[in-house]
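Below is one structure, written out as structure tokens; comments come after it.
The values are calculated or read from the model by the stated rules, or taken from the named source; none is laboratory data. Bear in mind the structure is a predicted one, so any value in this text is a computation, not a measurement. Every residue, glycine among them, receives a Cβ derived from its backbone with ideal geometry; neighbour counts consider all protein chains shown.
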Amino acid sequence: MIALPTKAAAIAFDCDGLLVETESCWTEALVAMFAAHGQEFTAELKARLIGTTIDFNVTMMATWFDRPGAEAALKAELTDTVAAVISARAEPMPGAVALVQAVAGRLPIAVVSNSERRLVDLSLARAGLTDAFQIVVAGEDVEHGKPAPDLYLRACAVMGVRPELAVAFEDTLVGVNSAKAAGLTVVGVPTVTQDGFAPHVQVASLADPALLAWAQQL
């Protein structure tokens, strides 16, 4: 049995790369954007951006593209590009639907994402998970996104639980650090290898049978 609290009061799920396979969608969109601006989107750049806010993405792009002051235009371009790819081919991650179904209706659950609500809604719709979540906390809901704790603190407040009684599921270093800073117990399901990735518990996939067994006995 996975060593998680047997009396978790609530569960918070990241979205991109955790519930829904959108990381490849973001990569495809970023490759296209970088090419349109005469640059190559490398694995090194992806490692710097993964899990961060869209505002951080476009701030860095404005520097890399030598377009100071163009953050708003770049944000609109990136959002539209990512939305088109997600709408066309995002899919649920292995085990995500079964895990959410195992806990939905039995305790409060929320989606906690750095992405804009528009993109989160598209992703959940593609995964067939829209109706499973009444609580979605998105990037525009707080002043400071992940790795700051604000998103998770807001989610716990909305769910009406103390952070130390909640469990977060995250796939990136940024997300893990955010949830830990807020005081949640964190289950890590890494999308890519990142130095410093240190959740309280780590599993290879949401489809891990022990994880589903844990969820079913909460």
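If I go through the range 119-152 residue by residue, how many of them are assigned to a helix (DSSP H, G or I) and either outside the structural domain of V186 (by TED's automatic domain parsing) or within 17 Å of V58 (Cα to Cα) (or both)?
Keep residues of the range 119-152 that are assigned to a helix (DSSP H, G or I), which gives 119-127, 130-132, 139-141, 150-152.
So of that shortlist, the ones also either outside the structural domain of V186 (by TED's automatic domain parsing) or within 17 Å of V58 (Cα to Cα) (or both) come out as 119, 139-140.
The total comes to 3.
Would you confirm whether or not the range 91-98 contains a residue that is in a helix (DSSP H, G or I) and under 25 Å from L173 (Cβ atoms)? Full working, then the answer.
Within the range 91-98, the first condition is being in a helix (DSSP H, G or I), and the residues that meet it are 96-98.
Then drop every residue that is not under 25 Å from L173 (Cβ atoms), which leaves 96.
Yes, because at least one residue in the range 91-98 is in a helix (DSSP H, G or I) and under 25 Å from L173 (Cβ atoms).
Table: residues versus (1) farther than 20 Å from I50 by Cα; (2) surrounded by fewer than 21 Cβ atoms within 10 Å (Cβ to Cβ); (3) of a type in the set (A, V, I, L, M).
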site	(1), (2), (3)
A102	yes, yes, yes
L122	no, no, yes
E143	no, yes, no
L151	no, no, yes
**Study point:** Hits in the range 153-178 (condition: assigned to a helix (DSSP H, G or I) and in contact with a Ser or Thr (Cβ under 6 Å, 6 or more places away or on another chain))
**Key:** V174
Practice item. Identify the residue in the range 105-118 that is small (G, A, S), crowded, with 18+ Cβ neighbours inside 10 Å and part of a loop (DSSP other than H, G, I, E, B) and, among all such residues, is nearest to the chain's Cα centre (by Cα). Key: S113
Exercise for review: Among the residues of the range 1-55, write down those that are closer than 28 Å to P68 by Cβ, of a type in the set (S, T, Y) and either surrounded by 15 or more Cβ atoms within 10 Å (Cβ to Cβ) or in contact (Cβ under 8 Å) with a residue 12 or more places away in the chain (or both).
Suggested key: T27, T52, T53
Review point. Which of the residues belonging to the range 179-205 are surrounded by fewer than 17 Cβ atoms within 10 Å (Cβ to Cβ), β-branched (V, I, T), touching a residue at least 24 places away in the same chain (Cβ under 8 Å) and in a loop (DSSP other than H, G, I, E, B)?
Key: V192
Study note, to complete from the structure: When every residue in the range 45-75 that is within 25 Å of L151 (Cα to Cα) and of a type in the set (D, E) is compared, the one nearest to the chain's Cα centre (by Cα) is D55
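State yes or no: is S115 at pLDDT below 95, assigned by TED's automatic domain parsing to the domain that holds N177 and touching a strand residue (DSSP E or B) at 6+ places or on another chain (Cβ under 9 Å)? It would help to see each step written out before you state the result.
Working: at pLDDT below 95: yes; assigned by TED's automatic domain parsing to the domain that holds N177: yes; touching a strand residue (DSSP E or B) at 6+ places or on another chain (Cβ under 9 Å): yes.
Spelling it out, S115 is indeed at pLDDT below 95, assigned by TED's automatic domain parsing to the domain that holds N177 and touching a strand residue (DSSP E or B) at 6+ places or on another chain (Cβ under 9 Å).
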